[in-house]
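Peer 1: Just dropping this structure here.
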Amino acid sequence: MSQPLKDSARRVQEAVRALGFDFQVLEFPASTRTAAEAAAAIGCLEAQIAKSLVFAQHPSGNPVLVIASGANRVDESRLAALCGAQIRRADADYVREQTGFAIGGIPPVGHAQPLPTWLDEDLQQYIEIWAAAGTPNAVFRLTPSALHALTGGQWAAIRN
């Protein structure tokens, strides 16, 4: 018998289902906090990890979610151009306040408030990808098109 999901992972599972999808949140004994750790635990390429990063626009302070391929670094100047504002990487307190989740487990859905979202176009080359599910050891498998449908995000070239 499997263990019940931790509260944050359960919130993600419920958010996914509420959006009409049946993806299953999985919790691993090993950490999936970083893209490299997640890829090792899952047995996939690091590039198949859909890592969620939160940035703050300046001077408004409004959040922006970027879901990038685990193998890529976000080009902050490209992101700023897409947002039409200066941006900065958010600190842990800001991330938790804006999303309801801690860094290392930020999912693409289920946030405390809706977030404008940019999706790394490099994720589209994979049949399946994996996203964080609310804790540093929870993930779920989905497709790039499902990621787009779940988030309403916009595909863009954001790789550095």
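The values are calculated or read from the model by the stated rules, or taken from the named source; none is laboratory data. Remember, it's a predicted structure, so these values are computed and weren't measured experimentally. Note that we place each Cβ from the backbone using ideal geometry, even for glycine, and neighbour counts take in every protein chain shown.
Peer 1: Report the residue count in segment 63-96 for those that are acidic (D, E) and either assigned to a loop (DSSP other than H, G, I, E, B) or modelled with pLDDT under 95 (or both).
Peer 2: So the count comes out to 2.
Peer 1: Now for a separate question. Between E14, E27, E46, E97, which is free of Cβ contacts under 8 Å to residues at least 40 places away in the same chain and either closer than 21 Å to N137 by Cβ or crowded, with 17+ Cβ neighbours inside 10 Å (or both)? Break it down into steps so the answer makes sense when it comes.
Peer 2: Working: E14 fails: free of Cβ contacts under 8 Å to residues at least 40 places away in the same chain; E27 fails: free of Cβ contacts under 8 Å to residues at least 40 places away in the same chain; E97 fails: either closer than 21 Å to N137 by Cβ or crowded, with 17+ Cβ neighbours inside 10 Å (or both).
None of the other options fit; the residue is E46.
Every residue, every condition in (1) more than 13 Å from the chain's Cα centre (by Cα); (2) outside any strand (DSSP E or B); (3) at pLDDT below 95, yes or no:
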| site | (1), (2), (3) |
| --- | --- |
| A50 | no, no, no |
| L53 | no, no, no |
| A56 | yes, no, no |
| G61 | yes, yes, yes |
| I106 | no, yes, no |
| V109 | no, yes, no |
| P114 | yes, yes, yes |
| P136 | no, yes, yes |
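Peer 1: Moving to a separate point now. Go through segment 88-115 and give me each residue that's farther than 27 Å from D22 by Cβ and touching a strand residue (DSSP E or B) at 6+ places or on another chain (Cβ under 7 Å).
Peer 2: Taking segment 88-115 and keeping what is farther than 27 Å from D22 by Cβ, we get 88-98, 103.
Within segment 88-115, R88, R89, A90, Y94, V95, Q98 qualify.
Peer 1: A follow-up question, please. Quick check, is W155 within 24 Å of A80 (Cα to Cα), more than 12 Å from the chain's Cα centre (by Cα) and modelled with pLDDT of 95 or more? Don't jump to the end; show me each part of the working.
Peer 2: Working: within 24 Å of A80 (Cα to Cα): yes; more than 12 Å from the chain's Cα centre (by Cα): yes; modelled with pLDDT of 95 or more: yes.
Yes.
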